[in-house]
Each structure stands twice: as structure tokens, then as C-alpha cells.
1. Is there a residue being of a type in the set (G, A, S) and either within 16 Å of the ligand (Cβ to nearest atom) or open to solvent by 40 Å² or more (accessible area, probe 1.4 Å) (or both) anywhere in segment 309-321?
2. Could you check S231 against (1) open to solvent by less than 10 Å² (accessible area, probe 1.4 Å); (2) away from the ligand (no atom under 16 Å from the Cβ); (3) touching a residue at least 60 places away in the same chain (Cβ under 8 Å); (4) among the small types (G, A, S) and say which number it fails?
3. Hey, could you check segment 17-31 for residues that are among the aliphatic types (A, V, I, L, M) and touching a residue at least 12 places away in the same chain (Cβ under 8 Å) and say which is surrounded by the fewest Cβ atoms within 10 Å (Cβ to Cβ)?
4. Of all residues in segment 177-193, which are more than 10 Å from V433 (Cα to Cα) and open to solvent by less than 30 Å² (accessible area, probe 1.4 Å)?
5. Scan segment 113-134 residue by residue and report those that are more than 9 Å from the ligand (Cβ to nearest atom), part of a loop (DSSP other than H, G, I, E, B) and among the charged types (D, E, K, R).
6. Restricted to segment 48-59, and to residues that are open to solvent by less than 30 Å² (accessible area, probe 1.4 Å) and of a type outside the set (V, I, T), which residue is farthest from R26 (Cα to Cα)?
7. Given the options V299, V335, name the one that is open to solvent by less than 40 Å² (accessible area, probe 1.4 Å), closer than 14 Å to V222 by Cβ and in contact with a helix residue (DSSP H, G or I) (Cβ under 9 Å, 6 or more places away or on another chain).
8. Tally the residues that are more than 6 Å from the ligand (Cβ to nearest atom) and open to solvent by less than 10 Å² (accessible area, probe 1.4 Å), restricting the search to segment 137-163.
Amino acid sequence: MRDIAALKARLAAAGIETSDERALLRQRSRDFYWYSPVLKRQLDGKAADLIARPRTEAEVLTTLAACRESRVPVTARGGATGNYGQCVPLDGGLLLDMAGMDRCLSISGGVAEIEPGAKLIDVDLWAREHGWEIRLWPSTKRTATVGGFIAGGGAGVGGITHGTMKERGNLHSVRVATMQDPPQILDLAGDAANPVNRTYGTTGILTLIRLPLTPAQEWRDVGLSFADYPSAARFALALAFSDGIPKKMCGTFDAMLPPFFRGIADAVPAGHSLVLAMVAPSAMIALRDLAREHGGRIVAEQDTVAAERDKDATPFYEYCWNHTTLQVLKRDKGVTYLQCRFPFEDTLAAVEAMRTRFPDEVWMHTECVRFGGRITMSALPVIRWTDEARLRRIMEEIEALGISIANPHTVSIEEGSSYRRVEGDQLGFKRFVDPLGLLNPGKMTSFTMENAA
Ligand SMILES: Cc1cc2nc3c(=O)[nH]c(=O)nc-3n(C[C@H](O)[C@H](O)[C@H](O)COP(=O)(O)OP(=O)(O)OC[C@H]3O[C@@H](n4cnc5c(N)ncnc54)[C@H](O)[C@@H]3O)c2cc1C
């Protein structure tokens with residue numbers, strides 16, 4: 001039996017903010033897992049027993065030491081925008097709210113030093129004041145934290161140029177608090193940081209992040225309409241391969257999706273497919289030429305940074321990546337989604353094979369992205385939900401077409417990661433830093449107490 005009251009008293013005595021208010025515990029223990037009817041069934045009602053909100057690395061260590069002694073599991077929480085229940089405690093325990101550690105500390109040699117609870121939008125706007133910007137961000141940039149992006153996300157806007165967070169060089173180094181006896185701080189640089197990259201906080205608590213930046217650029221959000229989807233997809237891939245056009249994003253949307261994008265729906269002719277791109281202002285002439293060559297037309301345009309600074313505006317990336325599904329779910333609760341990656345060769349043929357295979361159930365949405373220097377498209381298609389068996393069948397058929405799937409309907413790192421898994425011995429590292437299995441238990445399913453020692 002866990003003595004949560006004693007833990008709370010101990011943390012309070014150390015000056016660490018805590019709460020065990022039931023409504024808050026339930027509200028804070030959720031993320032966006034409800035996109036998945038499968039996860040919704042599994043995770044509804046799960047909640048922590050106590051929330052702690054450390055403000056310093058020392059307070060993180062004190063909290064972990066107290067939890068270790070009381071054998072209380074610890075689940076870190078950033079902005080709670082994850083989609084696979086990453087920050088939902090499966091077995092109660094303590095929710096470590098990292099939002100209190102949100103300082104942007106310094107920039108040196110193009111590397112930003114940031115606390116993990118800083119929101120990505122704040123990091124980017126701060127970096128811009130110094131002539132830099134962040135390389136990659138999720139479409140939840142305005143609500144997600146840098147720690148949560150590294151521990152639980154890792155792909156998104158910027159991927160067309162910089163790849164994903166698993167790409168060597170996109171994460172400089174981190175400081176991480178362990179669950180050893182007593183908890184330690186490890187400073188991990190380069191490949192040594194791989195065991196804490198996208199492991200859902202199961203292999204340590206990030207207390208400091210050093211993120212390589214890229215020189216700041218002005219960006220234009222551009223919407224282009226195409227009479228048919230294959231033309232839109234051909235244009236998108238051609239843009240991805242256009243080395244002379246600085247770009248941050250290029251998503252394609254089959255004709256049934258634009259009507260759900262409130263801010264730009266009226267600009268897209270009925271039945272047309274849409275491309276949403278972010279390009280440098282200097283590339284607008286080249287973009288128009290490329291669009292003309294593919295039968296496309298610019299139908300919407302805005303300044304990206306101005307839009308993201310304005311809470312009443314919608315930067316176009318909030319229609320892209322996993323925001324597409326959200327835009328549909330706002331008006332139609334009967335859908336879910338998948339995450340796929342197309343082959344590097346004959347990419348467009350694979351996209352078309354998948355799109356035409358399930359005309360009523362799979363609404364095609366792709367994003368251009370680099371993996372290991374090679375350009376392809378990943379898909380986050382919206383899927384009409386029937387039941388779990390039908391979802392499994394659709395996934396099997398997609399995989400039979402030679403398309404990889406990172407299953408978003410599981411809480412397990414191993415089952416859900418596929419092509420998104422970061423290199424390295426993450427299980428071996430977990431055994432070293434968390435021998436009691438107290439960090440976000442149940443998420444790294446290859447770890448068991450039997451193989452812990
Ligand atoms: C509408 C929508 C769009 C999205 N688009 C994208 C996208 O484009 N790309 C993408 O990758 N994801 C996307 N996501 C998923 C999610 O928003 C991102 O992965 C985001 O970066 C998570 O950050 P967060 O701060 O919300 O993390 P949380 O959800 O709070 O946490 C994510 C994981 O990180 C762990 N964690 C948090 N902080 C720490 C820490 N300091 N130390 C150790 N572990 C920690 C948590 O325990 C959890 O396992 C989207 C989700 C939604 C709902």
C-alpha cells in the first residue's frame with residue numbers, strides 16, 4: 001500500500017508544490033489519447049494520486065528520491081498533448097508536472113540551453129530575438145513543451161528539411177535525472193542521449209535540454225489548390241525535392257478534408273485537393289512556377305510568425321501533421337487516424353495505391369519528410385472508425401502495400417514506434433537508470449521486473 005499522504009508531507013516539507021485535489025488529478029492525467037477509440041477504452045479513468053511541480057533540478061532529484069523510497073511510480077507531464085497516453089499514469093502514483101521548469105537560458109554557438117517545461121513557441125520566439133529558430137516542432141508548438149517533444153514526439157514542421165528528432169545532430173545533449181539509489185544527474189551528449197530520446201520518460205526525467213538551432217527565416221504560409229489529388233501529391237514531392245526553395249513544411253489533403261479547415265475552407269474550390277506549405281518569401285516566384293507546372297493555384301497566403309503570435313489566428317501548420325485529425329474530430333467524432341511512412345522509391349504510386357484502396361474509409365493526408373537524408377512522404381490519414389477488427393484489417397492491408405505503420409493505437413513504445421524508434425540500447429539503459437521500474441511503468445513493455453537486474 002502506497003503512503004501518498006506521507007509522500008505529500010515530505011515533498012511539502014522540502015518546499016515542493018503538490019496537489020491531491022481529485023478533479024485536478026483527473027484533468028492533469030489525460031492527454032489526447034481519445035483520438036484513438038482503442039486507447040480511450042483502455043485509459044479513460046486512469047489518474048495519478050499526487051501531482052508535484054518542481055521548479056529546479058534539485059527539486060526533481062528530491063522528488064524522485066522520495067518516490068523511490070516509497071516505491072511510488074513517477075510519470076512526467078509536459079503540455080499533455082501526446083496522442084498515445086504517454087503522460088497518462090497507468091498505475092497511479094505521482095505526476096511530475098514539468099511546467100514549472102520553463103526557462104530559456106542561453107544560446108551559444110547555435111545551441112539553445114532550455115529547461116524542459118518551456119513551450120516550443122516561447123523557445124522559438126526567444127531564439128528569433130537572437131537570429132535563430134528551432135529546426136523542428138510539432139503542430140502543437142503553441143501548447144507543447146520541448147521536453148515532451150523529445151520524450152514523446154519527435155516529428156513535424158521542419159521535417160522536410162531537417163528530418164526527425166532521431167536524426168543525428170538534431171539533439172545536442174541533455175541532463176537527465178535517474179531513479180537510481182540515490183537518483184543521479186547524467187549529462188548525455190550526442191549518441192549517448194539516444195536512450196532518452198522518445199522513450200516517454202521511462203528512462204529518466206529531462207531536466208535540461210540543449211537544442212541545436214538553425215538561422216531564423218521569415219516564413220510564408222501558402223495554400224494551393226489542385227483539381228485532383230495525384231496532381232497535388234506530385235507537386236508536393238517536387239517541392240520537397242526543390243533544393244532552391246527554403247521550406248519548412250508541405251502537407252497534402254484529399255478533397256474531403258479542406259472543408260474541415262475553418263480558416264481556409266472557403267478559399268478551396270469544392271472537390272479540389274489542397275497543399276499547405278511553409279516557404280521562404282524569397283521563394284514565392286519559384287513556388288508559383290512550380291505550382292503552374294503542376295496545375296495548381298495559390299488560394300491562401302499569410303505570414304506564419306505573425307499568425308502564430310496572434311491567438312485568434314491559425315498558422316497553417318495547425319491544419320497539418322496531427323492537427324488534421326483534430327480539425328475533423330471537432331465536427332465529426334466518428335473518425336480516428338494512422339501514422340504511415342511510404343517507401344523512398346515509387347512514393348507516389350504507394351500513396352495512390354493506399355488512397356484508392358479504401359475510398360470511403362481513408363482520407364489521405366501526407367507530409368513530406370526526410371529520413372536519413374532521403375525524402376519521402378509520411379501519412380496521417382483520417383480513418384472512418386468502424387471497430388477494432390476493421391482497423392486492424394486496414395492496417396494489415398496498408399502494410400501489405402509495402403507501407404510502414406507506426407501504430408498510434410497502443411501505449412507501448414515498442415509496438416507504436418516502428419520507423420520512429422531511436423537507435424540504441426534503450427532497454428539496457430532503463431535497467432541501469434530505473435532498476436525498480438518506477439518511471440512511467442507499462443510504457444516500455446520490453447522491460448519487466450524479471451529482466452530488470
Ligand atoms: C493536435 C495534435 C497535433 C500533434 N502534432 C504532432 C506533430 O506534429 N509531431 C509530433 O511529434 N507530435 C505531435 N503531436 C503529439 C504531441 O503534441 C507532441 O509529441 C508534443 O511534442 C508533446 O509535448 P508535450 O509537452 O505535450 O508532452 P506530454 O504529452 O506532456 O508528454 C509526452 C511524453 O513525454 C514525457 N515527458 C514530458 N516531459 C518530460 C521530461 N521533462 N522528462 C522526461 N519525459 C518527459 C511524458 O511522460 C510523456 O511520456 C500532436 C498532438 C496533437 C493533439
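The values are calculated or read from the model by the stated rules, or taken from the named source; none is laboratory data. These numbers come from a predicted model, not from an experiment. Here the Cβ positions follow ideal geometry from the backbone for every residue, glycine too, while neighbour counts run over all protein chains shown. Heavy atoms of the whole protein, side chains included, go into the accessibility calculation; ligands, DNA and RNA do not. Shrake-Rupley method; radii C 1.70, N 1.55, O 1.52, S 1.80 Å.
1. At the first step, the residues of segment 309-321 found to be of a type in the set (G, A, S) are 313.
Checking the rest, the ones that are also either within 16 Å of the ligand (Cβ to nearest atom) or open to solvent by 40 Å² or more (accessible area, probe 1.4 Å) (or both) come to none.
No: segment 309-321 contains no residue that is of a type in the set (G, A, S) and either within 16 Å of the ligand (Cβ to nearest atom) or open to solvent by 40 Å² or more (accessible area, probe 1.4 Å) (or both).
2. Of the numbered conditions (1) open to solvent by less than 10 Å² (accessible area, probe 1.4 Å); (2) away from the ligand (no atom under 16 Å from the Cβ); (3) touching a residue at least 60 places away in the same chain (Cβ under 8 Å); (4) among the small types (G, A, S), the odd one out for S231 is (1).
3. The initial filter retains those residues of segment 17-31 that are among the aliphatic types (A, V, I, L, M), namely 23-25.
Next cut, touching a residue at least 12 places away in the same chain (Cβ under 8 Å) only: 24-25.
On the way: L24: 14, L25: 18.
Among residues in segment 17-31 that are among the aliphatic types (A, V, I, L, M) and touching a residue at least 12 places away in the same chain (Cβ under 8 Å), the one surrounded by the fewest Cβ atoms within 10 Å (Cβ to Cβ) is L24.
4. Passing the criteria: L188, A193.
5. The first filter runs over segment 113-134 and keeps only residues more than 9 Å from the ligand (Cβ to nearest atom), leaving 113-114, 118, 121-134.
Subsequent filtering for residues that are part of a loop (DSSP other than H, G, I, E, B) retains 118, 130-131.
Within segment 113-134, none qualify.
6. Step one: of segment 48-59, the residues open to solvent by less than 30 Å² (accessible area, probe 1.4 Å) are 48, 50-52, 54.
Then drop every residue that is not of a type outside the set (V, I, T), which leaves 48, 50, 52, 54.
On the way: A48: 7, L50: 10, A52: 14, P54: 19 Å.
Checked segment 48-59; the qualifying residue farthest from R26 (Cα to Cα) is P54.
7. Details: V335 fails: closer than 14 Å to V222 by Cβ.
Checking each option against the conditions leaves just V299.
8. Within segment 137-163, the first condition is being more than 6 Å from the ligand (Cβ to nearest atom), and the residues that meet it are 137, 141-143, 146, 150, 157-163.
The next check asks that each one be open to solvent by less than 10 Å² (accessible area, probe 1.4 Å); those that pass are 137, 141, 146, 150, 157-160, 163.
Within segment 137-163, residues that are more than 6 Å from the ligand (Cβ to nearest atom) and open to solvent by less than 10 Å² (accessible area, probe 1.4 Å) number 9.
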